[in-house]
Every structure is written in structure tokens, then in C-alpha cells.
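Values quoted throughout were computed directly from the atomic coordinates according to the rules given, and no laboratory measurement underlies them. If you're wondering where the values come from, they're calculated on a predicted model, not measured in any experiment. Methodologically, a virtual Cβ is constructed for each residue, glycine included, from the backbone with ideal geometry; neighbour enumeration extends over all protein chains shown.
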Amino acid sequence: MERLYIATLLLYILVLVLSSCRVRVLPFLIVTAMIVNGWALALIIIRSGHLPVFSVFESFFLVSFILGFMGLIARDWGKGKPTAGTWLWLETVILLGLLWFVPRTPAINRYDYDYSWIVLFHGMRDVSLALVLFSSAHFIQSRLEGAKSVLGAGHFYRGRNYLLSGVIFFLISEFAGIIWCLNGWGDVWRWSTSFFQSTLIVLYFMLAFHVPGWNRHTDNAKSLIGSMSGFFMLILMAVRGLA
């Protein structure tokens, strides 16, 4: 597992470097990185007997695979240097780099890891993180292009749409968590570090979509908040995983 982790990290670093240089062989390299990434996920499933969503190591590896797929199918990155794709691969490298500080082994299988609501809670949160990171890449590029330009406005609206998609998946995760707690403890939710983390993320999402006003300053604030949304969510999930 250790070798697959290092290989995946190095491949995505190479993708980042070549993306910055606008090299045409990039799709082939992305596919190669995804194959190694997917191989590691398959081994996690085989060795642990559950889906790779129950520890920060498993989750971040799954998120990196989703980001790789999204980066592969995305076409409208822009023509400048850097592009939104550059920020996406930078986020992927940061995501995998954080795994250097955690045990790189699958989570020990538990009796309830096949319970659908628990799987849905963790899995939808990982999908949400991938979408929010993807939206942040577009928001960052929008700020570089300029909100008034055609490319800048396009990236801004794509970032907003992907952020909204990420929020939807996060709320699905929270709903699954409520059902999980209701069935397990007879209460819809209980105050805990996980609940506090979820509260902070929801408040941040509310801020991102409810900045008042329609002028240049509020648009700038929205793009700034959107740019940081992926990193904010990533830091919270990483801190909880490291703890």
C-alpha cells in the first residue's frame, strides 16, 4: 500500500507540473495516475472487506480518484497559464500530501460497516468534498481571469454550480447521519466533534450563497469564499482524521 501511495502522489505531482506547462500528453498521464489510484482502492476493498470511506486515508484516496476522473473529462479549462486544471491538480497533490501524516493502512473492518446509512453518510461526504474542491479550482481561476471577462464569468458560474452540487451531497450525507443516529441511539443527532464539524461546514456554505448585494465588491467576496470552500472543508476533514 505504501508503494502505491507514493506512486499515486508522484504521478499527480507530474500531472500538476505538466498541466502548468500545457503538455498534450496530459490525458494519458491522468489515466495512468487513475489506474494506480484505482488499484490502491481495489486493494483497500479486498483487504478490509468494506468500501474505502471509513478513514481519512481511504476517503482521501477515493476523493483523489474522483478528482482525477473529473479533471480527465473536463475540457473547458481556459487557454492561459495557469488554468483551472492546474488548481485542481494542486488540490489533489495537497490532498494526497496530507496522507503522509496518517497511517496508510485500511480501516479495521467493523460489524456495522455494511450498514447502508453509515456507508451513505461517509460516502456522500467524500463525494461532496471532491465537488467542492472542483468548484474551488474554478473560483480561483475566475479571480485570476477577472470577474468581468467572459472566461472569468464562465468559471465563476461553473464554480457556483459545482459548489451547489457539493452542498446537496453534503446534505444527503447529513440526512443519512440523522437516520443512523435515530436507529442507533434513538435520537436524531448528538453533540460531538463530528456534529460541530458539520455545523461549521454548513455555516460556511450558507455564507457562500448568502452574501448580500449585487455589486463588484459582493461578487469579489463570493468568489473569495468560493475559492476557499474546498480548502476549508478539506482542513476540517483532515483535522478530524488526524485526531
Checklist entry - Relative contact order (percent) for the chain, with alpha-carbon contacts under 8 angstrom and 6 or more residues of separation? => result 20 percent
Item to check | Full-stretch length increase - LEU171, ILE35 - with 0.36 nm per residue and alpha-carbon distance subtracted | outcome: 45.9 nm
Item to check | FRET efficiency, ASN109 to ILE179 (Cβ-Cβ, R0 22 Å, nearest 0.05) | outcome: 0.50
Item to check | Reported label for calculated P(r) over Cα pairs in 5 Å bins from 0, in percent given [x] 1, 7, 14, 17, 18, 16, 12, 8, 4, 2, 0, 0; [y] 1, 5, 12, 14, 14, 12, 10, 9, 8, 6, 4, 2, 1, 0; [z] 1, 6, 11, 12, 10, 8, 7, 8, 8, 7, 5, 4, 3, 2, 1, 1, 1, 1, 1, 1, 1, 0, 0 | outcome: [x]
Checklist entry - Pick from VAL15, VAL211, VAL36: which is most flexible by mean-square fluctuation in a GNM of the chain where alpha carbon atoms under 10 Å apart are linked? => result VAL211
Checklist entry - Are there any helices in the chain, counted as whole DSSP H runs, that stretch 15 Å or more along their axis by Cα and score at least 1.0 on average by Kyte-Doolittle, and if so which? => result 2-21, 26-48, 56-73, 84-98, 193-209
Checklist entry - When only alpha-carbon atoms count, how far does the range 111-186 stretch along each of its three principal axes, as whole angstroms with the largest first? => result 52, 19, 12
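Which order do ASP112, ASP219, ASP126 fall in if you start with the one that has the fewest other Cβ atoms within 10 Å? Mind showing how you got there, number by number?
Values: ASP112 12, ASP219 17, ASP126 23.
Arranged by neighbour count, lowest to highest, ASP112, ASP219, ASP126 become ASP112, ASP219, ASP126.
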